[in-house]
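First comes the structure, then the notes that go with it.
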Amino acid sequence: MLKAENLRYVYTSGLIKTVKKTAVCGVDLEIFPGETVAIVGESGCGKSTLAKLLVRQLESASGEVFFDGTKLTGISWKNLRKFMGKIQLIPQNPDDVVDPRWAVERSVAEPLVISGAFSREEISAKVDALFAEMGLSKEHKPRYPHELSGGELQRVVISRALALKPELLVCDEATSMLDVSVQAFIVTMLKEIQKKRGLGLVFITHDLEVAKAVSDRVLVMYAGEIVEEGKDVFDRPLHPYTRALLDAVQYTSLEVVLPEEGGALPDSFSGCPYFRSCLERTDVCKEPQKLRDVSGRLVRCWKAK
Ligand SMILES: Nc1ncnc2c1ncn2[C@@H]1O[C@H](COP(=O)(O)OP(=O)(O)OP(=O)(O)O)[C@@H](O)[C@H]1O
Ligand code: SF4
Ligand SMILES: [Mg+2]
């Protein structure tokens, strides 16, 4: 359904001295219809940037995105719009999509209005149905975002994302601002909607338990790259970083990095991105590491077997 090839994104910041940061570096991925893929990795590894590249909120520096075989990269805005309803992003922060000055029903109706495909009555009926599907009552419709709880507001955001009947939802830490019981409720609700509507789901999360519980496949990111990908990643992690993430031993591994060895790897370094922190590194790891198939698992480490 959605396919990305060799995606790369570089942020440029600074006015006087420009600083470049490669946030996503050569990512290939494919999402199949009805599948749930979890993307995990530490803060700053490029998950949100990758999500924005997939939903075309950001234009990649290089690489391609395809949806049902149609190339979305480099096509005109007019043609891109036809696909935008099919792929929706649910961001971490509801404020990114819900206008605080609008009653929430207006925010849910907005994509339907913009599409120009429906009458006023049809939009009203669709908004009612979306609210009901998400377990929200008519009473919630005229309220402003600050008049709803965090969980209710996130359900409004999901209603809005579902309005144009997407085929793929990309959820970027969509529940991380909520307390644990509300998180579980929203995750269960998303899975039910997925089953009912046959949606593909990309679930970006810090919570490895949630990732394990909801996903058919897991992608582990580190420093802008996918370092491991497969179905039973958490049961049998093969990449040293995945193992560190699971054991939370990344904290101890950081301690063993000597100060003179620490800091960012130089731009000229083309070896393993995990080199600095890896307890298992050798000189061979200074060579570029490709994702390779290890008994059905993709792993970016020459040692994995
Ligand atoms: N607008 C920006 N300008 C410059 N650098 C940015 C910008 N946005 C993100 N970055 C940098 O790009 C890298 C990837 O950021 P991104 O937000 O994709 O990470 P993330 O994995 O989603 O992190 P988190 O788990 O904390 O949400 C980080 O090093 C971040 O500092
Ligand atoms: S390639 Fe080397 S440094 Fe990288 S994860 Fe594997 S063992 Fe560690
Ligand atoms: Mg993020």
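The values are calculated or read from the model by the stated rules, or taken from the named source; none is laboratory data. Because the structure is a prediction, the values reported are computed rather than measured. Ideal geometry is used to build each Cβ from the backbone, glycine not excepted, and the neighbour counts take in all protein chains shown. Quick note on the areas: whole protein, heavy atoms, side chains included, nothing else; ligands and nucleic acids left out. Shrake-Rupley method; radii C 1.70, N 1.55, O 1.52, S 1.80 Å.
Brief remarks on what is shown
- Subset of region 274-305 (residues that are within 8 Å of ligand 2 (Cβ to nearest atom) and of a type in the set (Gly, Ala, Ser)): ALA304
- Pairs, first under 23 Å from LYS231 (Cα atoms) in region 40-59, second charged (D, E, K, R) and within 8 Å of ligand 3 (Cβ to nearest atom), C-beta under 9 Å, six or more apart: VAL40/LYS47; GLY41/LYS47; LYS47/ASP172; LYS47/GLU173; SER48/ASP172; SER48/GLU173; ALA51/ASP172
- Selection within region 38-61 - away from ligand 3 (no atom under 16 Å from the Cβ) and either in contact with a helix residue (DSSP H, G or I) (Cβ under 9 Å, 6 or more places away or on another chain) or modelled with pLDDT of 90 or more (or both): ARG56, GLU59, SER60
- Among the residues making up region 54-89, those that are open to solvent by less than 20 Å² (accessible area, probe 1.4 Å) and either part of a loop (DSSP other than H, G, I, E, B) or basic (Lys, Arg) (or both) are VAL55, SER60, LEU72, THR73, GLY85.
- Criterion: of a type in the set (A, V, I, L, M), at pLDDT below 65 and closer than 23 Å to VAL24 by Cβ - qualifying residue of ALA244, ALA264: ALA264
- Restricting region 160-177 to residues that are open to solvent by 10 Å² or more (accessible area, probe 1.4 Å) and not in a loop (DSSP other than H, G, I, E, B), the residue that is farthest from ligand 1 (Cβ to nearest atom) is ARG160.
- Qualifying residue in region 99-109 (condition: surrounded by 14 or more Cβ atoms within 10 Å (Cβ to Cβ), assigned to a loop (DSSP other than H, G, I, E, B) and modelled with pLDDT under 95): no
- Scan of region 192-225 for residues that are part of a loop (DSSP other than H, G, I, E, B), in contact with a strand residue (DSSP E or B) (Cβ under 7 Å, 6 or more places away or on another chain) and within 16 Å of ligand 2 (Cβ to nearest atom), ordered by number: GLY224
- ASN93 falls short on exactly one of the conditions (1) more than 25 Å from the chain's Cα centre (by Cα); (2) under 24 Å from ILE193 (Cα atoms); (3) open to solvent by 10 Å² or more (accessible area, probe 1.4 Å), and that condition is (1).
- Selection count, region 266-300, where residues are under 23 Å from LYS231 (Cβ atoms) and of a type outside the set (A, V, I, L, M, F, W, C): 9
- Restricting attention to region 1-53, the residues that are buried (at least 16 other Cβ atoms within 10 Å of the Cβ), of a type in the set (Lys, Arg) and outside any strand (DSSP E or B) total 2.
- Residues of region 142-159 that are of a type in the set (S, T, N, Q) and part of a loop (DSSP other than H, G, I, E, B): SER149 alone.
- Note on region 105-159: residues that are under 20 Å from VAL187 (Cβ atoms) and of a type in the set (Ser, Thr, Tyr) amount to 2.
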